[in-house]
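Engineer: Dropping the structure in here first, questions after.
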Amino acid sequence: MTSVVSSPPRTIRIGSRKSQLALVQTYWVQEQLQKSFPDITFEVHTMSTQGDKILDVALAKIGDKGLFTKELEVGMLNQEIDFAVHSLKDLPTHLPEGLTLAAITERENPADALVVHEKHKDKQIDTLPEGAVIGTSSLRRLAQLRHHFPHFTFKDVRGNLITRLAKLDAGEYDALILAAAGLERLEMSDRIHQLLPKEISLHAVGQGALGIECRTDDSELLSLLKAIEHPQTRDRCLAERSFLRSLEGGCQVPIGVNTEISGENLTLTGIVASVDGQKFVKDTVTGIANNAEALGIELAELLRQQGAQEILSEIFAVIQRGS
């Protein structure tokens, strides 16, 4: 009689950046998968990315070709880790050969949030004083806020969330603009003074959602990861990423979006703005949510007809000159 030796359950290695927010997000993914697959071991492995190491240069001047993802992607391709957890807004729309976006988790609030210094606790974004110093490292936020509030002073702010808030509290800034989702995930919702309405600030592509990236040839893992996918969020984010990809924009370019799903229909709104806020094109498309990527392409073409490509070309030229 031949005995059958079963192979031990697989150990799956999860890659994460070392920042506090990245780890909170990664441990959440680990917990969800562990609940669904108790016989599998999920281990977290951390890495530092280029974006984590360069903290004294504006993000747009570094470039965004995998600024917060490249080292994790190399780890996957070298089989040091099996999949990586990203803030989806940091994941480029063109992935390296051999890797795929395996799952998108349910989205937290994608809005931008106003966080103010104590002395402005009675103010809103539209009642802050002239010359108020607003901290942001995002060209998207900068362009939209300059469009609506040209009387503010804008100053770059880098570092992790805790560092940025410390700079605000020390009086270096009157207010910061941050992603509401990050504050909520770090249980710091009390610092959210105001959620900026979409009429003032359309959010980043993928903001508030987590993107799970893994090797395309790992069919077993691809199947497992579907357990934490949120179909509506995936449709919304695929439309947004298709829009960004079609405009050949990057994570650090002034392109903003908003998506809503009602029944089977998805509505996608997008803007492209010049960094000074002077040039601004915006439009909306609606269609079947299952056709999300085609909607992104349609909206990109609409904005291209309104001058979006010229605005982006000017921005890319400035960034390449290192201005």
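The values are calculated or read from the model by the stated rules, or taken from the named source; none is laboratory data. Model, not experiment: these values are computed from the prediction. All Cβ positions, even for glycine, are placed from backbone atoms using ideal geometry, and neighbour counts span all protein chains on display. Ligands, DNA and RNA are excluded from the accessible area calculation, which covers all protein heavy atoms including side chains. Shrake-Rupley method; radii C 1.70, N 1.55, O 1.52, S 1.80 Å.
Engineer: Calculate, for the chain, the solvent-accessible area per residue in square angstrom, rolling a 1.4 angstrom probe over the heavy atoms of the protein chains.
Structural biologist: 46
Engineer: Further question on the same structure: Could you state the number of Å between the C-alpha centres of the stretch 105-127 and the stretch 212-249?
Structural biologist: Each part's Cα centre sits 29 Å from the other's.
Engineer: Please list 180-186, 161-167 highest first by mean number of surrounding beta-carbon atoms within 10 Å per residue. Could you put the intermediate results ahead of the total?
Structural biologist: Working: 180-186: 20.4, 161-167: 16.3.
Ranking the peptides 180-186, 161-167 by packing returns 180-186, 161-167.
Engineer: Give the shape of the stretch 187-255 as rounded, prolate or oblate, defined through the alpha-carbon gyration tensor: a ≥ b ≥ c are the square roots of its eigenvalues, a/c under 1.5 means rounded, and otherwise the shape is prolate if a/b is larger than b/c and oblate if not. Mind showing how you got there, number by number?
Structural biologist: Values: a/c = 2.59, a/b = 1.47, b/c = 1.76.
Because a/c hits 1.5 or more and a/b fails to exceed b/c, the stretch 187-255 counts as oblate.
Engineer: Taking Cα atoms of the stretch 145-238, Rg/Rh with Kirkwood Rh, to two decimals? Numbers along the way, then the final one.
Structural biologist: On the way: Rg = 17.7 Å, Rh = 16.4 Å.
Here Rg/Rh amounts to 1.08.
Engineer: Next question. Can you give the FRET efficiency for Ser223 and Ala166, using 1/(1 + (r/R0)^6), R0 = 51 Å, r = Cβ-Cβ distance, to the nearest 0.05?
Structural biologist: Details: r = 43 Å, r/R0 = 0.85.
Taking R0 as 51 Å, the efficiency between Ser223 and Ala166 is 0.75.
Engineer: Please report, as a whole percent, how much of the solvent-accessible surface of the stretch 99-145 comes from carbon and sulfur atoms (probe radius 1.4 Å). Write out the running numbers ahead of the final one.
Structural biologist: Details: 730 of 1700 Å².
That share works out to 43 percent.
Engineer: If you don't mind, another one. Quick check on the stretch 159-308: take the gyration tensor over C-alpha atoms, sort the square-rooted eigenvalues as a ≥ b ≥ c, and tell me if it's rounded (a/c under 1.5), prolate or oblate.
Structural biologist: Numbers: a/c = 1.94, a/b = 1.18, b/c = 1.64.
Oblate is the answer for the stretch 159-308, as a/c is 1.5 or above yet b/c matches or exceeds a/b.
Engineer: Next question, about the same structure. About the Cα centre of the stretch 93-218, how large is the charge dipole given +1 on each Lys and Arg Cβ and -1 on each Asp and Glu Cβ? Please answer in debye to the nearest 20. Present the calculation step by step, with values, prior to reporting the outcome.
Structural biologist: On the way: 15 positive and 19 negative charges, 77 e Å.
Rounded to the nearest 20 debye, it is 360 debye.
Engineer: With label points built 7 Å along Cα→Cβ from the Cα atoms of Ser189 and Thr11, find their separation and express it in nm.
Structural biologist: It works out to 3.7 nm between the two label points.
Engineer: Charges only on Cβ, +1 for Lys and Arg, -1 for Asp and Glu: so what's the dipole of the stretch 212-323 about the Cα centre, in debye to the nearest 20?
Structural biologist: Working: 10 positive and 17 negative charges, 58 e Å.
Here the size comes out at about 280 debye.
Engineer: At 27 Å minimum axial length over the Cα atoms and a Kyte-Doolittle cut of -0.5, report the qualifying DSSP H helices in the chain, or say none. Don't skip to the end; give the middle numbers.
Structural biologist: Details: long enough: none.
Helices passing the filter in the chain: none found.
Engineer: Heavy-atom accessible area of Leu142 with all protein chains present, probe 1.4 Å, nearest 10 Å²?
Structural biologist: Rounded to the nearest 10, that gives 20 Å².
Engineer: A further question follows. How much FRET efficiency would the formula 1/(1 + (r/R0)^6) give for Glu106 and Glu248, where r is the Cβ-Cβ distance and R0 is 30 Å, rounded to 0.05?
Structural biologist: It comes to 0.55.
Engineer: With both bridge residues required to lie in the stretch 99-254, what share of the DSSP beta bridges run antiparallel, to the nearest 5%? Walk me through the intermediate numbers first.
Structural biologist: Details: 12 of 17 bridges.
Restricted to the stretch 99-254, the bridges split so that about 70 percent are antiparallel.
Engineer: Out of every Cα-Cα pair in the stretch 232-284, what percent are more than 19 Å apart? Before the final figure, lay out each step's value.
Structural biologist: Values: 392 of 1378 pairs.
Roughly 28 percent, once rounded to a whole number.
Engineer: Treat each spin label as a single point 7 Å out from the Cα along the C-beta direction, and report the Gln79 to His45 distance in nm.
Structural biologist: The two pseudo-label positions are separated by 1.2 nm.
Engineer: List the trypsin sites (Lys or Arg not before Pro) within the stretch 114-156 that DSSP assigns to loop and that have no more than 16 neighbouring Cβ atoms inside 10 Å.
Structural biologist: On the way: sites: Lys119, Lys121, Lys123, Arg140, Arg141, Arg146, Lys155; in loops: Lys121, Lys123.
Answer in residue order: Lys121.
Engineer: Given the whole protein assembly as supplied and a 1.4 Å probe, what does the accessible area of Glu293 come to in Å², nearest 10?
Structural biologist: 80
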